[in-house]
Structure formats: C-alpha cells, structure tokens
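Peer 1: The structure's right below; bear with me while I get my questions together.
The values are calculated or read from the model by the stated rules, or taken from the named source; none is laboratory data. Since the model is a prediction, treat every value here as computed from it, not as a measurement. Neighbour counts run over all protein chains shown; Cβ positions are idealised from the backbone, glycine included. For accessibility, only protein heavy atoms count, side chains too; no ligands or nucleic acids. Shrake-Rupley method; radii C 1.70, N 1.55, O 1.52, S 1.80 Å.
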Amino acid sequence: MESFTYLTYEVRGDVAILGLNRPKKRNAISDAFVEELATLIRRAESEAKAGVIHGHGPHFCAGLDLAEHVKKTPFEGVHGSRRWHEVFGWIQKGKLPWFAALHGAVVGGGLELASSVQVRVADRSAFFGLPEGQRGIFVGGGASVRSAQLMGVARMQDMMLTGRTVDADTAERWNIVQYVVDEGAALDKAVELAAHAATNAEISNYAIINALPRIQDMGSDDGLFVESFIASFTATSPEAEERLNAFLNKKVGKVARPEG
Ligand code: 1HE
C-alpha cells in the first residue's frame, strides 16, 4: 500500500483500493485532497479493472473541509464545486466500476462522494447526513443530482431541512446503500464485489456505467433507441461471442440462486 498526503492506494488483483486518509480531520475534503483523489482515480483507470473507495479512521468522510471553505470567495466556491463535479464525474461515468465501503460518518460531501460510485456497502456503524442546511450552505459535490436520484427529493429535503441522520438499515431501505454488513466488514465485502465486477466484459461494464445514468436522463423513447444500439454493439464484440459460446458449451456456471 502506498501512502500519499491524503489518500492511500493499492492494487489487489484487478481492484484498486483508494483509502481516504486524513483521519485527524475525519477525512474532510480540501482542494488539495480532491486533486490527489483525481490523480489516483486516473492511475486506477490504467492499473485496475474496478475500484473501491473507503475511509481510514473512525469515519468514512466528514465532507467538505469547512476550515478551508470558510475563507473562500464566492467565485472560488463555484470553481471548487465544479472541480468536485468533474472528478466525481470520472467515478460516476468513467472507465471503472467503483464501489464504496462506508462506516461511521458519511456526511455532506462524504455522502456526495459515496453517491458517485455505482455500488455502496455500509457497515452497521455507518450514519448518513446532509448538514448543509445547519451550516448555512448547500450541497456542492453533486448531491442535488446523484443523492436525490438515490433516495428521492422528499427524503433529501427532510435530511437537509431537519438535520435528520439515518443509520445503515434505513439507508438501505432508502436506496442510499445496496448492502449492509457487520461492523468492520464493509471493505472486504466491497473488494469482493469489485473483484467480481472486474471479471465482466470491459465493454459491458463501460455500458453499464456510462449508458444507464444517461438513459435515465432521456425520454423513454430515446432511451430505448439508444439501448438497442448499445445492446447490439456489446453483443457483437468478440468477447461477447466467446462468453456466449462458453455458456452454450457448458464451460461456465449457470446463474446462481441468491444465498440464504
Ligand atoms: C473537520 C470537519 C470538516 C471534522 N471540515 N474539519 N461537514 C460537516 O458539517 C460535518 C462536520 N463534522 C462533524 O459533524 C463531526 O466531526 C463528525 C460527526 C464527522 C465526527 O465527529 P468526531 O467526534 O469523531 O470528530 P470531531 O471531534 O468532531 O472532529 C475531529 C477534528 O476534525 C476536529 O478538528 P480539531 O482540530 O478540533 O481536532 C474537527 O474540527 C475536524 N473536522 N469535520 C473541517 N468537515 C462540495 S459541498 C459539500 C458540503 C459539505 O460537505 S457540508 C458538510 C460538512
């Protein structure tokens, strides 16, 4: 594992693991932190087939570095927010499937970062909040689009207006996370899921990551039209032929029933 100023980085098999590593400040994200994250996302894209983001210390992430933010001019604030959008956009609509392992506080910009990955795993210590209303600010790292799409506007307004925080089980019911595991088990579970995703055809993963969110932003007629082209493009790739024949020749397993 390599340690940088704000993050750790390692590649395990085909999975890049990025650890938010500013535990004394609860992994609060400053401008320099975002730049290091940007560098390591790009590195992961060239060295791995899937990625996991987790937090070192007692919490996943306390969001925006408020000490740095308090000194910004309005225009610097706009640039900062736009840079979060750009970098988190590489996670949401980039080359790799990303997974988040969540524990402790997942608040403000921490929830915005978590909302940009494709699959979220929370352990039972995790809690979720959007304290922007209490701080006199607004979400600026993509939550008004991504977190609202996950949980719905009414729940997000409740969290922002009343300061409501929710635990991992509620977060699962609200579609903020897809998996809840025992305390301390989120990273292993996220790595396991990411390793699985890394075995998929690269073109399928790319379509899943990049086409699905875009199709949600289209009208249904346009969405179905685009789907047909992506379906045909992926299904006629050499890799698809190989994988389809492997199934037809009984060389790979069947779809398994869910466990438990
Ligand atoms: C921070 C930050 C921060 C902690 N920026 N320094 N986010 C928030 O409003 C969340 C603010 N943080 C908290 O509510 C709590 O810190 C936690 C619930 C996350 C964790 O509590 P705890 O008891 O484990 O830690 P702590 O004692 O509160 O914090 C430890 C240190 O981290 C302390 O500094 P110290 O110098 O006194 O040791 C805190 O000041 C510091 N710290 N959080 C800066 N966020 C793109 S727009 C996104 C908009 C947002 O993200 S708004 C939400 C911001």
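Peer 1: From Gly57, Gly51, which residue is more than 11 Å from the ligand (Cβ to nearest atom) and of a type outside the set (Phe, Trp, Tyr)?
Peer 2: Values: Gly57 fails: more than 11 Å from the ligand (Cβ to nearest atom).
Testing whether each residue is more than 11 Å from the ligand (Cβ to nearest atom) and of a type outside the set (Phe, Trp, Tyr) leaves just Gly51.
Peer 1: Among what's in region 22-43 and is part of a helix (DSSP H, G or I) and in contact with a Lys or Arg (Cβ under 9 Å, 6 or more places away or on another chain), pick the residue that is farthest from Ile137 (Cα to Cα).
Peer 2: Within region 22-43, the match that is farthest from Ile137 (Cα to Cα) is Ala38.
Peer 1: Name the residue that is surrounded by the most Cβ atoms within 10 Å (Cβ to Cβ), counting only residues in region 180-213 that are touching a Phe, Trp or Tyr at 6+ places or on another chain (Cβ under 9 Å) and under 21 Å from Ala235 (Cβ atoms).
Peer 2: Once the filter is applied, the top-ranked residue is Ala197.
Peer 1: Restricting attention to region 19-36, which residues are open to solvent by less than 50 Å² (accessible area, probe 1.4 Å) and within 11 Å of the ligand (Cβ to nearest atom)?
Peer 2: Matches in region 19-36: Pro23, Asn27, Ala28, Ile29, Ser30, Phe33, Val34.
Peer 1: Also, quick follow-up: Being at negative phi and surrounded by 11 or more Cβ atoms within 10 Å (Cβ to Cβ) is the requirement here; does Ala256 meet it?
Peer 2: No, not satisfied.
Peer 1: Considering (1) under 27 Å from Ala211 (Cα atoms); (2) more than 13 Å from the ligand (Cβ to nearest atom); (3) out of contact with any Pro (no Cβ under 6 Å at 6 or more places or on another chain), say which one Arg82 fails and leave the rest.
Peer 2: Just one mismatch for Arg82, condition (2).
Peer 1: Among the residues of region 148-164, is there at least one that is within 18 Å of Gly80 (Cβ to Cβ), among the β-branched types (Val, Ile, Thr) and either at pLDDT below 95 or out of contact with any His (no Cβ under 9 Å at 6 or more places or on another chain) (or both)?
Peer 2: For region 148-164, residues within 18 Å of Gly80 (Cβ to Cβ), among the β-branched types (Val, Ile, Thr) and either at pLDDT below 95 or out of contact with any His (no Cβ under 9 Å at 6 or more places or on another chain) (or both): absent.
Peer 1: Here is a check on your reading of the model: is Ala185 in contact (Cβ under 8 Å) with a residue 40 or more places away in the chain and out of contact with any Leu (no Cβ under 8 Å at 6 or more places or on another chain)? Even if it seems obvious, please write down each step before you answer.
Peer 2: Numbers: in contact (Cβ under 8 Å) with a residue 40 or more places away in the chain: yes; out of contact with any Leu (no Cβ under 8 Å at 6 or more places or on another chain): yes.
So Ala185 fits the description; yes.
Peer 1: Is there any pair with a first residue in region 59-79 that is closer than 30 Å to Ala168 by Cα and modelled with pLDDT under 90 and a second that is hydroxyl-bearing (Ser, Thr, Tyr) and within 9 Å of the ligand (Cβ to nearest atom) whose Cβ atoms are under 8 Å apart and which are 6 or more apart or on different chains, and what are they?
Peer 2: none
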